[in-house]
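Each remark here refers to the structure printed beneath this line.
The values are calculated or read from the model by the stated rules, or taken from the named source; none is laboratory data. In this text, all values refer to a predicted model and were calculated from it rather than measured experimentally. Reconstructed Cβ throughout: ideal geometry from the backbone, glycine too, with neighbour counts over all protein chains shown.
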């Protein structure tokens, strides 16, 4: 009798093997290393992953950097920041069989550092996914701790720009425009208020951009010929430049950081950041229950 490609596991009934996989992946600090033990085990587990894989990105400065949850396998994993090995393991997952739901939790506009953190996490996640073929992606703009992506009937803008509007939901959406080979793609707001007050033109164009693999080709999708989107087309002619510009504005480093000057007055901090093109003024106010200039620490909610 030929040896089972599953090794000793092949002697067990299929249902018991699945139970073992589920318990293993549900363990604290579990990894997906089991997917690399054999092709047969990979196929058996990845078939179970052919459901929904949820990524949760919180605006709070907390570990884990990103949390991943698979309801069908009852598995939960953490992706830490600055971990190339972990990033590479998740990059090799069979995303062509998966439906990805990416939960982006709304930042608190009183702490502009939260939108900066979400930007970093979105960039990190896209770095992991950009080479994959993905069955479907749904981005959910979620409410979080009383904050929505809109406030007072206007899209939230944690860091106002003097020359043009740059709402928070545009900032976190932009990195996903580097994805290609996505079969279906949607962006879903958590509330009807957000749906009503937002101009979805940039996201609608970005969705068409992603589904037509324009990032790897030329910006000549169907919407590029639509006069309604003529101002947006220029943004996507060089989306990398737009991402670099946003990166410069949100993440000052080295010499740029020296241009970031703070003035503390009572319980507020007035700051000015000089970019290569303009000066941006930001006011930081302490959020109740947290230390000034630091983020809350709590686990992201799950639904």
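Checked against the criterion of being outside the structural domain of residue 115 (by TED's automatic domain parsing), modelled with pLDDT of 70 or more and more than 17 Å from residue 126 (Cα to Cα), the candidates 29, 19 yield just one match: 19.
Counting only helices (runs of 4 or more DSSP H) that fall entirely inside region 155-234 and contain at least 3 residues that are more than 20 Å from residue 142 (Cβ to Cβ) and in contact (Cβ under 8 Å) with a residue 12 or more places away in the chain, the qualifying elements are 201-211. Against the list (1) within 25 Å of residue 204 (Cβ to Cβ); (2) outside any helix (DSSP H, G or I), the condition residue 110 fails is (1).
Filtering region 173-227 to residues that are surrounded by 13 or more Cβ atoms within 10 Å (Cβ to Cβ), modelled with pLDDT under 85 and either within 19 Å of residue 132 (Cβ to Cβ) or not assigned by TED's automatic domain parsing to the domain that holds residue 95 (or both) leaves 213, 214, 215.
Just one of the listed residues (125, 104, 60, 117) is assigned by TED's automatic domain parsing to the domain that holds residue 210, farther than 22 Å from residue 194 by Cα and surrounded by 20 or more Cβ atoms within 10 Å (Cβ to Cβ), namely 125. Out of 79, 66, I need the residue that is in contact (Cβ under 8 Å) with a residue 12 or more places away in the chain and under 28 Å from residue 17 (Cβ atoms). Which one? It is 79. Mind checking whether some residue in region 78-95 is within 15 Å of the chain's Cα centre (by Cα), within 16 Å of residue 61 (Cα to Cα) and surrounded by fewer than 16 Cβ atoms within 10 Å (Cβ to Cβ)? Checked against the condition, which is being within 15 Å of the chain's Cα centre (by Cα), within 16 Å of residue 61 (Cα to Cα) and surrounded by fewer than 16 Cβ atoms within 10 Å (Cβ to Cβ), region 78-95 yields at least one hit.
Just checking, does region 161-180 include any residue being in contact with a strand residue (DSSP E or B) (Cβ under 6 Å, 6 or more places away or on another chain) and over 19 Å from residue 245 (Cβ atoms)? No, that holds for no residue.
Of all the residues in region 173-213, those that are under 20 Å from the mean Cα position of the chain (by Cα) and over 23 Å from residue 118 (Cβ atoms) number 6.
Taking the criterion of being assigned to a loop (DSSP other than H, G, I, E, B) and either within 16 Å of residue 179 (Cα to Cα) or at pLDDT 85 or above (or both), the residues of region 83-107 that qualify are 92, 93, 94, 98, 106, 107.
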